[in-house]
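Notes for the one structure printed next.
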Amino acid sequence: MKNSIKLLGIFIFTLVCSITNAQIKMNIEFDTPYGENETVGNYITIDGAKIYYEEYGKGEPLLLIHGNNGSIKSMGNQIDYFKTKYRVIIADNRGHGKSELKTDSLTYVQITRDWEAIVNHLKLDSINIIGWSDGGIIGLKMGISGKSKIKKTVAMGANLRPDSTAVNSWAVNYALKSKKMIELKIQEHDTTQNWNSRKQRLGLLGDQPNIPIRDLSKIKAKVLIMAGDEDIIRTKHSLEIYENIPKAQLCIMPGETHFTPASNPELFNEIANKFLSEPFKRPDSNFTKWKK
């Protein structure tokens, strides 16, 4: 059982800063105390929960949305890079970091609503988004919702379904195994961790999202779908998402994983910045349509 708990602590889906892997080394040390920066930190109460967020830089608003079990610090590499180019806004998602949970059923719908409330609270006329993992899902859902004016979205390692048609089967199986272990700890009334909170975060991964493919056609923003070629998300699913968004580009990074925003931030940030800063193009290779 002790080994199971240890494995849960480095659960492969998560973006926990303490992840260690012989093949993946993440940069998680920063000069600025991201996530604990009292000089720029604020709270907003949304649907009964206090949601913590921080702001950096000036200019066009850019939302950074972290992944499951992560926090503001998880995207410190992106804050460092983009805060000199944009007004960066990043929050601890509901039930993560310093943000309260205040629900017995955490959903992507609720987290999307939280982010839309932040946009309204800050009176942002239009935004750009970089979302990683769960954050990519939220970025897509905000585009589908249409309640915020979104110019461009970068969705890294996002999925529409929680099953093995979208996510590699080894990850699905691990989620099921972890779910059983957490249920056992709750039944045992174990108090070594907040197992209910873990259960809800795991529920996001194991049971959600459930986004109909047809809903992607509602997205008006320009979208860059990104993934590593050895991602948790199946490559064919990233392709499926790309092919069903009206204005989209696709980037499968060679030799990269689900954790590239922290393990190779130079590459990830350069690609994301190019997409955000340059005019959107989706050229056609069909030379038979070219004028002669």
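Every number in this text was worked out from the coordinates using simple rules, so none of it is lab data. These numbers come from a predicted model, not from an experiment. For neighbour counting, all protein chains shown are included, and Cβ atoms are generated from backbone atoms with ideal geometry for every residue, glycine included.
Quick one: the Cα spread of the range 110-164 along its three principal axes, in angstroms, biggest first?
39, 21, 15
With unit charges on the beta carbon (Lys/Arg positive, Asp/Glu negative), name the residue among GLY97, LEU124, PRO212 whose Cα is farthest towards the positive pole of the charge dipole of the chain.
Positive-most Cα among the choices belongs to PRO212.
Can you give me the Kirkwood hydrodynamic radius for the range 127-241, using every pair of distinct Cα atoms, in Å to one decimal? Each step should come with its number before you reach the end.
On the way: mean 1/r = 0.0658 Å⁻¹.
Computed over Cα pairs of the range 127-241, the Kirkwood hydrodynamic radius comes out at 15.2 Å.
Need the list of lysines near LYS50 for cross-linking: C-alpha distance under 19 angstrom, and skip anything on the same chain fewer than eight residues off.
LYS73, LYS98, LYS102, LYS123
Using only DSSP helix segments of four residues or longer, with each worth -39500 (n - 2.57), what per-residue ellipticity at 222 nm results for the chain after dividing by its residue count and rounding to 500? The partial results should precede the final answer.
Details: 9 runs with 99 residues, N = 292.
Per the formula, -10500 deg cm²/dmol.
If packing is taken as the mean number of other Cβ atoms within 10 Å per residue, what is the order of 84-91, 283-290, highest first?
By packing density, highest mean first, the sequence is 84-91, 283-290.
Calculate the dipole size of the chain relative to its Cα centre from +1 charges on Lys and Arg beta carbons and -1 charges on Asp and Glu beta carbons; express the result in debye to the nearest 20.
Values: 40 positive and 32 negative charges, 205 e Å.
The dipole magnitude comes to about 980 debye.
Taking one equal scatterer on every alpha-carbon of the chain, how large is log10 of I(q)/I(0) by Debye at q = 0.14, 0.15, 0.16 1/Å?
Rounded to two decimals, the profile gives -1.01, -1.18, -1.35.
Convert 25 °C to kelvin, take the viscosity as 0.890 mPa s, use the Kirkwood radius over C-alpha pairs of the range 181-223 as Rh, and evaluate the Stokes-Einstein diffusion coefficient in µm²/s, rounded to a whole number. All intermediate terms of the calculation are to be shown ahead of the outcome.
Numbers: Rh = 13.0 Å.
Answer, rounded: 189 µm²/s.
Using the crude model of +1 on Lys and Arg Cβ and -1 on Asp and Glu Cβ, and no other charge, please compute the dipole size for the range 149-273 relative to its Cα centre, in debye to 20.
Numbers: 18 positive and 14 negative charges, 132 e Å.
Value, rounded to 20: 640 debye.
Can you work out the PRE-style zone for ASN42? Point 7 Å along Cα to Cβ, and I want the residues of the range 49-79 with backbone N under 20 Å.
Counting only backbone N, you get 49-66, 72-73, 79.
Over 31 Å between Cα atoms: which of LYS222/LYS289; LYS85/LYS199; LYS141/LYS274 fall into that group?
Going by Cα-Cα distance, LYS85/LYS199 fall outside the 31 Å limit.
Under the definition of Cα pairs under 8 Å and six or more residues apart, what whole-number percent is the relative contact order of the chain?
17
At q = 0.24 Å⁻¹, what is the base-10 log of I(q)/I(0) for the range 69-165 according to the Debye formula with one equal point scatterer per Cα and no solvent? Please give it to two decimals.
Log10 I(q)/I(0), no solvent term: -1.58.
Show me the ranking of peptides 221-227, 255-261 by mean Cβ neighbours inside 10 Å, starting with the highest.
On the way: 221-227: 26.0, 255-261: 22.3.
Result, highest mean Cβ count within 10 Å first: 221-227, 255-261.
Less than 12 Å apart at the alpha-carbon level, and either on another chain or at least 8 residues along: which aspartates and glutamates does that give for LYS218?
Leaving aside aspartates and glutamates fewer than 8 places away in the same chain, none come within reach of LYS218.
Would you mind getting me the FRET efficiency between SER164 and THR103? Use the beta-carbon distance for r and R0 = 30 Å, nearest 0.05. Please report the intermediate quantities before stating the final value.
On the way: r = 28 Å, r/R0 = 0.93.
E(calc), rounded to 0.05, equals 0.60.
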